[in-house]
Amino acid sequence: MDNNKKKQIFFSLSNEEYFKYNKENIIKITNILNKDRLVIVNWMKNNWKINFIKELIHETKIKNNYFYFNKSDDIENNINSNLDLLKILNDYVQLYKIPKIVILQNISKINWIKEFISYLYKNQYKVILIWNSIKIWWIKELEIKNRPIITNENINSNLKYWFLLDIKQIDNIYIKEKILKLLSNDIFLNSIFKDFSVKSIELYIFTIIYLSKNNIFYSLRELYKQLDSINKISLKTTIDYIDFSLQSKIIKRSYKYDIKTKKEITSKAKYYFSDNWIRNSLVDYKLNKYILLENMIFNILDYNDFIIYSGINWKFEFSFYWIKEKEKIFIHISRQETKEELKKEINKLNKIKDEGKKYLLVKNIKELAIKKIQYNNVLIIEINEFIINFKQK
């Protein structure tokens, strides 16, 4: 058989065009592969997965020696089991040679897939698994997080629409919002409805819209009762929908942390969205600006690998308590409109005995007639300035 015809049975990528965007993550993945030979790469589904693979192939100089299989490209549904995968891999090896890396994407519904992964591991293959819906405890995972690049020029646009490169090139607001809505629908279709076989699409959308509008702490039972009072839903379905959304990286969960007792409080949680534009598009781009600002700050720190809580010190509850190794950051987003009320929050932040950076974020320093911006360990800074100037990877 002609090799060119034979090669068509393999799934490959047209990998000439891509954005250089993930150098640090590629280094991390390469290090894991060199040490452990297996890594799971996960993140919220979007077009950047394909770009990431292309970039990886080029940057590791393996564009002529990799095996890539994406179940989504199996249009005729020929590959359904570990044996089917093994056959096409063996065919590849006979035609070419043992690939330097095996890349498998969207394979969670292939029968006996874990047996195929075990086979690869035992036979010394280096393997990248791209998925969200399966956990294998002994394989290291790397989440590819959104990289926020925020400037004075783009902060208002990014706050509302985030920073997808393709969307940035669209000036027409109507078209921009329509495309973002389609993209978010595609994410729900492929990451939720298909992967988790959700029975009621309308009920899931109702749940995720409710989360997008409400920026408060819930226990799962409290959330269920709120949802059920509006639209009939069971506790189990509520828990499932939250779990599906967390696994798909659409939302992230944050708990409270008691500074005095040094304990995490897991009875209630607040949910942030991995992209501002998904959260905003769910409510037709009319979300409260403070919710969007808080969501953006969460994502900036999540990208920088902080453990993120809301903080409690005695009766004072503040917006964020972030921990990264020995570094601690205490932040409160103030909504006070007078200098007197602002000073009360300054004093409450200063009463936190733990060492670390303390920030009080305000909308506009001039409007509050603030002349002094440093009070002991508390620095007063405008929200936009903090977002733009916070250290980024």
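The values are calculated or read from the model by the stated rules, or taken from the named source; none is laboratory data. Being a predicted model, the structure only gives us computed values, none of them experimental. In this analysis, Cβ positions are derived from the backbone assuming ideal geometry, glycine residues included, and neighbour counts consider all displayed protein chains. In case anyone asks, the SASA skips ligands and DNA or RNA and just uses the protein heavy atoms, side chains included. Shrake-Rupley method; radii C 1.70, N 1.55, O 1.52, S 1.80 Å.
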Are there any pairs with C-beta distances below 6 angstrom linking a residue in region 280-291 that is in a helix (DSSP H, G or I) to a residue that is hydrophobic (A, V, I, L, M, F, W, C), with the two at least 6 apart or on different chains, and if so which? ASN280/LEU287; SER281/LEU180
Output for region 237-255, where each listed residue is open to solvent by less than 40 Å² (accessible area, probe 1.4 Å) and in a strand (DSSP E or B): ILE251, LYS252, SER254
Residue in region 177-209 that is most open to solvent (accessible area, probe 1.4 Å), counting only those that are outside any loop (DSSP other than H, G, I, E, B) and acidic (Asp, Glu): GLU202
So which of LYS268, LYS225 ends up being assigned to a helix (DSSP H, G or I) and open to solvent by 70 Å² or more (accessible area, probe 1.4 Å)? LYS225
Within region 56-84, how many residues turn out to be of a type in the set (A, V, I, L, M) and modelled with pLDDT of 95 or more? 1
Of all residues making up region 337-362, the number that are open to solvent by 20 Å² or more (accessible area, probe 1.4 Å), touching a Lys or Arg at 6+ places or on another chain (Cβ under 8 Å) and not in a strand (DSSP E or B): 4
Take the residues of region 363-393 that are assigned to a strand (DSSP E or B) and of a type outside the set (Val, Ile, Thr): which is surrounded by the fewest Cβ atoms within 10 Å (Cβ to Cβ)? GLN374
Test: residue in region 348-362 that is polar (S, T, N, Q) and under 24 Å from LYS326 (Cα atoms): yes
So which residues in region 315-335 are over 13 Å from TYR257 (Cβ atoms), open to solvent by 30 Å² or more (accessible area, probe 1.4 Å) and in contact (Cβ under 8 Å) with a residue 24 or more places away in the chain? GLU327, ARG335
Looking only at region 52-72, which residues are open to solvent by 20 Å² or more (accessible area, probe 1.4 Å), free of Cβ contacts under 8 Å to residues at least 40 places away in the same chain and over 20 Å from ILE117 (Cα atoms)? GLU59, LYS61, ASN64
Some residue of region 19-26 being open to solvent by 80 Å² or more (accessible area, probe 1.4 Å), among the hydroxyl-bearing types (Ser, Thr, Tyr), in a loop (DSSP other than H, G, I, E, B) and modelled with pLDDT under 90: no
Going by the conditions given, is ILE136 of a type in the set (A, V, I, L, M, F, W, C), in contact with a Lys or Arg (Cβ under 9 Å, 6 or more places away or on another chain), at pLDDT below 90 and over 30 Å from ASN389 (Cβ atoms)? yes
